[in-house]
1. In segment 587-620, which residues are surrounded by fewer than 15 Cβ atoms within 10 Å (Cβ to Cβ), modelled with pLDDT of 90 or more and part of a helix (DSSP H, G or I)?
2. State all residues of segment 430-446 that are in contact with a Phe, Trp or Tyr (Cβ under 6 Å, 6 or more places away or on another chain) and aliphatic (A, V, I, L, M); if no residue qualifies, say none.
3. Which residue is nearest to Val396 (Cα to Cα), if the candidates are limited to segment 298-326 and must be of a type in the set (S, T, N, Q) and not in a loop (DSSP other than H, G, I, E, B)?
4. Which fully enclosed strands (runs of 3 or more DSSP E) of segment 167-258 have 3 or more residues being touching a strand residue (DSSP E or B) at 6+ places or on another chain (Cβ under 8 Å) and not β-branched (Val, Ile, Thr)?
5. With (1) at pLDDT below 95; (2) within 21 Å of Thr293 (Cβ to Cβ); (3) polar (S, T, N, Q) as the list, and Ser117 as the residue in question, which single condition is left unmet?
6. Tell me the residue from Gly78, Gly103 that is more than 19 Å from Asp210 (Cα to Cα), surrounded by fewer than 23 Cβ atoms within 10 Å (Cβ to Cβ) and of a type outside the set (Val, Ile, Thr), please.
7. Mind checking whether some residue in segment 420-429 is in contact with a helix residue (DSSP H, G or I) (Cβ under 9 Å, 6 or more places away or on another chain) and in a loop (DSSP other than H, G, I, E, B)?
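The values are calculated or read from the model by the stated rules, or taken from the named source; none is laboratory data. Keep in mind that this is a model prediction, so the values were computed, not measured. Here the Cβ is made from the backbone with ideal geometry for all residues, glycine too, and neighbour counts use every protein chain on show.
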Amino acid sequence: MDGVDSPVTARDPSTAPFKPLAMKGPDITVDRRADGSIVITSNHPPGDGPRTISHLLAQRAATHPDRPYLKQREPGHGPWRQVTYGQAQRAVEGIAQWLLDQGVTADHSVMILSGNSIEHALMTLGAYGAGVPAAPVSPAYSLMSADHGKLKHCFDKVAPRVVFAQSGDLFEKAIATLKAIDPGLLLVTADGTGEGAHTFDAVAGTEPKDVAAKRETLTPATVAKYLFTSGSTGMPKGVPQTHGMMAGVIAGQEGLRDDGRDDDVPDSLEWMPWSHISAGNIGFNAVIWNGGTLWIDEGKPLPGLFETTIRNLYEVSPIVFGSAPIAFSMLAGAMENDPALRAAFFKNLRYMAYGGATLSDDVYTRMQALAVAQTGHRVPLITMYGATETQGVTVVHWITERVGLVGLPLPGIALKLAPSGSKYEVRVKGPTVASGYHKDPEKTAGAFDEEGFYKLGDAARFVDPEDPSRGLVFDGRVTEDFKLDSGTWVSVGVLRPDLVAACSPYVHDAVIAGQDKPFVGAMLWPSPAGLAALVADSGPGTPLEKLSLILRERIGAFNAAAGGSSRRVGRVAIMTEPPSIDAGEITDKGYVNQRATLERRAALAAALYASEPSEGVIAI
């Protein structure tokens, strides 16, 4: 039924069959211990994995040197430029040789300041080949920070000898900050700008002499890169990422594969930043493992930028589409008004994947309605759960009709649910887990329990305690949850996405308040798209007045179905100032830090509980 031009509402999506998902079903062992903890392991053995990512790239380049590996548009949404696997391997070996020639060692690093690009990818892989850790940092630390505080902190942690930026001019201030710390710092830029910069092409063109021999010294224990945590509880922590950790994810996923490899070259369209685990390790390495083509999407799920993603989707019809929940929300809205986009998106799609936050039921229902209208089938929606310290550790690898699951452990991973108050904290041990934090023994010591399980700080519970094979569901952050003055626990991680969904499309995100208070309060960021619609509305009142009326109505309906005080929201306030990266209120992926926002906006949080609601506070 591909190509059907029927409206989204033509059939009930909940009755349509799912497309097949070529993964093995749940098969687990559950050990319920006397201390109340529960340890879960997969009975599926891990599959094959590479020795290192450097060995993997060399193998893929030898097998299919002419296959496209990386594609990126020329500036101004121009034509796609590309490098093949063979071209990539040659450039990677040139970069590795140049690093060796400069005397850069495993005690140093190559810090990468700019966002995703062909040159960024090759610089990372070149560092791998030289046995030098790559250290990508969020571009926001260079471009959106007033004092470069987090950038200087990261620089101090990983001692780079080389800094790479796509443009020396664009990153001029950040580079000057770092060169003030180390005047001998070597600079490489893709466009050749920047005082004293080495051009990327010249570096990549270095004749390789010692690289093949160097590659054979690399082992699974070799540190491939440093990734930094989001800094939501202070300054970012550096986490060493070994080749063995990254290979462990690949092996775990292979253990769940339930089909033979076919001749299709998997196409992946990726916008999520490589300075984070999901795209920078799991997605990036999976493309090479599968011999696929990675199309670099310079769009983002932000007003004015998501249009780039939409234009790319007209040309790139991915087999798998993965992104953050906010992108699915914006994509659903775009496809509901654009049958041509809908047709292009679902043309080759086998399944979708989300991560980083919970997808709302509202967005899930809309995406499935679009899938059924276009193809006659629902599309499986999976998610992988993990952290910078753990890589991916659980996955939903079966067809399910609900969202909010974190799945079950990957083959090779042991997952512990440790009692914590009324909840179970998620802890994990296995080949994908880091040994600790770089140059931070104190935080390392506090990160693991007495059995060596890493403590994630998230809570989870079984969907069905009588049938654990149905998987685990996210149950909020142990450290974010709080009690009302009645002693009732509020699960912030569950309430927050549900409240945002109830206010869709007018609210972008929310922060939940109410510790030791008589009722739950919320501070809301309006969505730009929702405000734009209210500005265009010719009805009486200002856009914020219109929004207040809508929120009072929507949240009132939400409360009517809430079922208890832990889910009923008594008052809300609209935040007109955007979240601050410098203050730690938000990461560059758009994830909100509850605690930092409540602390920074303490006066607004207090206003929610004043005896009489002040201007800007909406009583529900």
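1. Residues satisfying the conditions are Ala602, Ala603, Ala606.
2. Within segment 430-446, Val433 is the sole residue that qualifies.
3. The selected residue is Ser323.
4. In segment 167-258, the matching strands (runs of 3 or more DSSP E) lie at 223-228, 238-242.
5. (1)
6. Gly78
7. No; the residues of segment 420-429 include none that is in contact with a helix residue (DSSP H, G or I) (Cβ under 9 Å, 6 or more places away or on another chain) and in a loop (DSSP other than H, G, I, E, B).
Condition check ((1) in contact (Cβ under 8 Å) with a residue 60 or more places away in the chain; (2) assigned by TED's automatic domain parsing to the domain that holds Leu125; (3) of a type in the set (D, E, K, R); (4) closer than 27 Å to Thr63 by Cα) across all residues:
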| residue | (1), (2), (3), (4) |
| --- | --- |
| Val265 | yes, no, no, yes |
| Ser268 | no, no, no, yes |
| Ser275 | yes, no, no, no |
| Gly280 | yes, no, no, yes |
| Ile288 | yes, no, no, yes |
| Gly291 | yes, no, no, yes |
| Trp295 | yes, no, no, yes |
| Phe306 | no, no, no, no |
| Ser317 | no, no, no, yes |
